[in-house]
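The values are calculated or read from the model by the stated rules, or taken from the named source; none is laboratory data. All values derive from a computational prediction rather than experimental measurement. All Cβ positions, even for glycine, are placed from backbone atoms using ideal geometry, and neighbour counts span all protein chains on display.
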Amino acid sequence: MKSANQPWTRESAGLSALPSQAPALQATAAAGADSFEPTLPTLTPLSGATLTPRLPSAPAGHETPRHSLQATAILLFGYAILITGNGLLSTLISLRLIEQQTPALVVGVVQSAYYAGFMVGALWGGGLIRRVGHHRAFVAFAAFSACCALGFAVWHAAPVWVALRFVMGFSLVGIFTVIESWLHQVASNAQRGRVFSAYLITNYLGVGIGQFLLGLADPGGFALFSVVSALFSASLIPVALAGGAPAHVPVTASGESVAPHGASKLARGLSGLGIVYRWAPLGVFGCLAAGLLNSSFYTMQPIFMRRLDYSVGDVSHFMGFALLAALLPQWPVARLADLVDRRAVIAAISALTAACCALLFVLQKGGLAVAIDYLYVAVVFSLYGVVTSYVNDCTPSDQRIAVSSALLLIFSLGASGGPTLASAAMALVGPRGLYLFAAIVTGTLTALMLRSLKAAPRLPG
């Protein structure tokens, strides 16, 4: 009997047949282009703020030295400080702009600049890490971020804020790359799951805690931007004490070192777009939808709540608890997606999200609306993991590097457009336009998945 998620063909999705292996893929395999992993991790996004790389696993008998684990714990402590500041800053910017009576569309453009910088940094920021190493790169990126945080308090012109957000996105993705590549290098196979579980928990807790810091001072003043800058700067202290990251330079079969540049990474991502569309066309829109939904929530939910006269304290508490609530469904949803057709799980997630959006469009305020909003966040943040698993089910195993790069590009493209498109909807119909936008995205995704399931249901055999 076939597993529900066994790789399937385009014919099963009602699409035209393709050769078993396209000539371009055959040429790539023959050249051994994917016979090794890149020096820096191929990244996939997490919770709109971080990326998870894939580096070669440590040898089976490899044991991580105790001092490396201690250094990793210290590094995670520094990361926790930094991500707390970043979580605070994202919401603070939205609140500050709304207090300045900035149009929702301008808010969306400013926040989209972060994700544009994030995408560019994911492609090109790795060159600095290769040249100067983990520690110096972390210091450089964190220093840029600390300066930008103060820049928001000094300058108020929207074009300047767009530039600052772009630099922030570029810098933060560099920091995420440093942290995650370090973790992959120091963790043995036996410890990797626990190490990255600690990392993911640190990320969610840090971003969530950052929301509660909004109550320390008036968002319209200088103090909270100073707190963000101080947190970015304080993150350097444990990193400076953590010791050196273990060197790891992959080599080809001939013994030649491998150090791909941003251009090759970009080319790999662009080639992966064709692979994803060829083997899992639904995955393109699914990944794009995840980026649109995640980024629009992070950046425009505070605007939605303030326009409905929620206090800053209410916004702070909701955002904090909502991001912590996003942890809860991750394991059950992932487990379910391993047991049944992933398209059915994606359709269910999208349909439930669309239903929540419809209710929020009508209710907007009140205890029931808040409860539905928590459910919305918990469900929508589980979408990306199922989509990426579905895509990897469908694509050839020897193309995983290119596919991972393509998924990053698609998600980042969606994330960079989410705040702008959501803010445009809010400008047209008011604050509830945020959920009109989300309903359109999830409704479209639901329809596509249901059509695919109807055309080619998975039957045991």
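Checking each residue in segment 110-130 for being surrounded by fewer than 19 Cβ atoms within 10 Å (Cβ to Cβ) and either under 13 Å from VAL162 (Cα atoms) or of a type in the set (Phe, Trp, Tyr) (or both) picks out only TRP124.
Restricted to segment 362-395, and to residues there that are over 24 Å from the mean Cα position of the chain (by Cα) and part of a loop (DSSP other than H, G, I, E, B), the residue that is farthest from HIS317 (Cα to Cα) is GLN364. Does PHE225 meet the test of being modelled with pLDDT of 90 or more and surrounded by fewer than 22 Cβ atoms within 10 Å (Cβ to Cβ)? For PHE225, the condition - modelled with pLDDT of 90 or more and surrounded by fewer than 22 Cβ atoms within 10 Å (Cβ to Cβ) - is not met. One residue stands out among those in segment 322-340 that are over 18 Å from the mean Cα position of the chain (by Cα) and touching a residue at least 40 places away in the same chain (Cβ under 8 Å): the one that is surrounded by the most Cβ atoms within 10 Å (Cβ to Cβ), which is ALA337. Quick one: would you say GLY210 is in the same structural domain as CYS147 (by TED's automatic domain parsing), farther than 15 Å from PHE141 by Cα, at pLDDT 90 or above and assigned to a helix (DSSP H, G or I)? The answer is yes for GLY210. Go through the residues of segment 341-361 one by one and say whether even a single one is at pLDDT below 90, crowded, with 21+ Cβ neighbours inside 10 Å and in a helix (DSSP H, G or I). Yes, segment 341-361 contains at least one residue that is at pLDDT below 90, crowded, with 21+ Cβ neighbours inside 10 Å and in a helix (DSSP H, G or I).
Evaluating ALA263 against the criteria (1) modelled with pLDDT of 80 or more; (2) outside any loop (DSSP other than H, G, I, E, B) leaves one unmet condition, (1). Any residue in segment 182-198 that is more than 24 Å from LEU293 (Cα to Cα), at pLDDT below 90, buried (at least 21 other Cβ atoms within 10 Å of the Cβ) and out of contact with any Lys or Arg (no Cβ under 9 Å at 6 or more places or on another chain)? Within segment 182-198, one or more residues are more than 24 Å from LEU293 (Cα to Cα), at pLDDT below 90, buried (at least 21 other Cβ atoms within 10 Å of the Cβ) and out of contact with any Lys or Arg (no Cβ under 9 Å at 6 or more places or on another chain).
Within the group SER397, SER412, which residue is of a type in the set (Ser, Thr, Tyr), closer than 21 Å to SER295 by Cβ and in the same structural domain as ARG335 (by TED's automatic domain parsing)?
Within the list SER397, SER412, the selection yields SER412.
Within segment 234-250, does at least one residue satisfy the condition of being at pLDDT 90 or above and assigned to a helix (DSSP H, G or I)? Yes, there is a match, as at least one residue in segment 234-250 is at pLDDT 90 or above and assigned to a helix (DSSP H, G or I). When ALA415 is tested against (1) touching a strand residue (DSSP E or B) at 6+ places or on another chain (Cβ under 9 Å); (2) farther than 12 Å from TYR115 by Cα; (3) of a type in the set (A, V, I, L, M), just one condition goes unmet, and that condition is (2). Remark: pairs (first residue in segment 277-301, farther than 14 Å from CYS394 by Cβ; second residue outside any helix (DSSP H, G or I) and aromatic (Phe, Trp, Tyr); Cβ separation under 8 Å; 6+ apart in sequence or on different chains) = ASN294/PHE381.
Selection within segment 97-141: residues that are more than 19 Å from the chain's Cα centre (by Cα) and either not assigned by TED's automatic domain parsing to the domain that holds ALA153 or not in a helix (DSSP H, G or I) (or both). The member of this set that is nearest to VAL173 (Cα to Cα) is GLY133.
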